[in-house]
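As structure tokens, the structure follows; a few thoughts come after it.
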Amino acid sequence: IPAIPELVAIALNHLLRNACLHTERGVITVQLNASGIAIEDNGTGGLDAVAQRPLDRLTGAHDDTSSGPGLSLSIVKRVADHLGWVIRHTSLAAGGSRYILEFEPRQAVPVARAG
């Protein structure tokens, strides 16, 4: 997929970090296919309080946890918006969360870099 690798790394880093923070003992699964990337954990669901708010309303500065998952998710949201991707969240019935970054190729950012 055409994307700026550094931005993809930032988004994945934040999603994986949040999954690790809320999965003391359990499993974190990363799935990649042509339509997107999914990160799922079976942790405590600690992100659910933040994730229940619509992702398009996350701004970081107005989150209750200005240095926690709210800020991380707002960064992921901004990166996804910049890349023309969509981020979705699902709370899992057994506990934990699933975040999906859906690729939107029609809006992808060119890979060209200065320098």
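The values are calculated or read from the model by the stated rules, or taken from the named source; none is laboratory data. As the structure is a computational prediction, the values presented were derived from the model and not from experiment. Positions of Cβ are backbone-derived with ideal geometry, glycine not excepted, and every protein chain shown enters the neighbour counts.
Taking region 70-97 as the range and being under 12 Å from Asp41 (Cβ atoms) and crowded, with 18+ Cβ neighbours inside 10 Å as the test, the residues that pass are Gly96, Ser97. Consider region 66-88 and keep the residues that are under 14 Å from Leu15 (Cβ atoms) and hydroxyl-bearing (Ser, Thr, Tyr). The one that is modelled with the lowest pLDDT is Ser72. Residues in region 13-33 that are hydrophobic (A, V, I, L, M, F, W, C) and without any contact (Cβ under 8 Å) to a residue 60 or more places away in the chain: Leu16, Cys20, Leu21, Val27, Ile28, Val30, Leu32.
The residues of region 9-24 that are over 16 Å from Phe103 (Cα atoms) and small (Gly, Ala, Ser) amount to a single one, Ala19.
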